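The values are calculated or read from the model by the stated rules, or taken from the named source; none is laboratory data. This one's a predicted model, so the numbers in the text were calculated from it and none came from an experiment. All Cβ positions, even for glycine, are placed from backbone atoms using ideal geometry, and neighbour counts span all protein chains on display. Only protein heavy atoms, including side chains, enter the accessible area calculation; ligands, DNA and RNA are left aside. Shrake-Rupley method; radii C 1.70, N 1.55, O 1.52, S 1.80 Å.
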Amino acid sequence: MPDAVNDSLAEKLISRTAGICLYGFAPPKQATPAEQLEAIVAQQLVRLGSLPVDGLIVYDIQDEAERISTPRPFPFLPTLNPEVYAHQSLGSLAVPKIVYRCVNRDTPDSFVRWLDSVKATPQIAVFVGAPARGSPAGLPLADAYELARQRAPNLLLGGIAIAERHARKLDEHERILAKTERGCRFFVTQAVYDVTSTKSLLSDYALALREKSGAPLPIILTFSPCGSVKTLSFMKWLGVAFPRWLENELQFARDPLAKSLELCERIFLEVWDFARGKGIPLGVNVESVSIRKTEIEASVELLQLLRRHIGR
């Protein structure tokens, strides 16, 4: 059952508060043995409960092989249901939770059943569409927003924003505006390493809002440590853009993990100052795309570092 503490994060999102801090992670794999899963849950209850965050993001992971022709660096292994994991396995954790839902795996009927099951309790969700146009047919993202508006108006919705897509098509700000009209109240980016495309997106978003006399919604920037060539390769496969100079810095650094934290800090400070000048309320979401202990620990270190900057 969703936590009542979601109200505190919901209030910050609705009031467009700047400086929201989140930590994102995927649930354990479906194939995890019961005894091992019990140990993982116990560890996460302790580790996640000690983080200085306003909330957690629990991802819904899907195989994106049809999005890109390059082979996936690591095999896709299905994870546990993120909603069940967030609100049942981690239900005793008194931290607000944002749960992703890949709606392209839904039919209209299954999605309506889910909406009817959550409409009476406070939840915060981010809907994710198909990874590519050629993906197997499922519920279109626009239909999911409309059904949510009709059946569960109290569901607090967020959307995805991709600066790299803006660099290619120059229309990501229009996607944000369209999703706002469909009910989104905040947006979460994918991992940021390209400061130029991120600032370009924020600039065009601010200009579009000026024309409409609209108020900007919270944009949550995601940051993820990159501690190895393998992690770099995987992040690039996921669609994260690395400028050539920055990729060189990571590949040839004596300590790539420390260098990535340094670069993430630098990027955050530059974008934070830029967004503040535009009146856009920024937040941060820190994750680790790697399951290596050192990179997970580095993600916690990065979260604490960015939180200190926000608090100044």
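For volume of the Cα convex hull per residue in Å³, the value calculated from this model appears in (1) 132; (2) 256; (3) 121 under label (1).
Only Lys, Arg, Asp and Glu carry charge here, each on its Cβ (+1 for the first two, -1 for the last two); on that basis region 27-115 has a dipole of about 100 debye about its Cα centre.
Centre-to-centre, using Cα atoms only, region 71-137 and region 285-312 are separated by 24 Å. Each of E297 and Q88 was given a label point 7 Å from its Cα along the Cα-to-Cβ line. The distance between the two points is 3.4 nm. With the simple spin-label model, which puts each label point 7 Å out from Cα in the Cβ direction, the A39 to D143 separation comes to 4.4 nm. The shape of region 229-272 can be summarised by an equivalent ellipsoid whose semi-axes, obtained from the alpha carbon gyration tensor, come to 17, 14, 9 Å from longest to shortest. If you take the beta carbon distance between R105 and E211 as r and set R0 to 30 Å, what does 1/(1 + (r/R0)^6) give as a FRET efficiency, to the nearest 0.05? My answer for the efficiency is 0.25. Split the accessible area of the chain by element, probe 1.4 Å, and carbon with sulfur accounts for 53%.
Taking a straight Cα-Cα cut-off under 20 Å and skipping sequence neighbours fewer than 8 places away in the same chain, the lysines within cross-link reach of K169 are K179, K199, K236. Spin-label model, A167/E270: points 7 Å from Cα along the beta carbon direction are separated by 1.1 nm. A Förster radius of 30 Å, combined with the Cβ-Cβ distance separating W245 from R308, puts the computed FRET efficiency at roughly 0.65. Only the Cβ atoms of Lys and Arg (+1) and of Asp and Glu (-1) were treated as charged; on that basis the dipole of the chain about its Cα centre amounts to roughly 440 debye.
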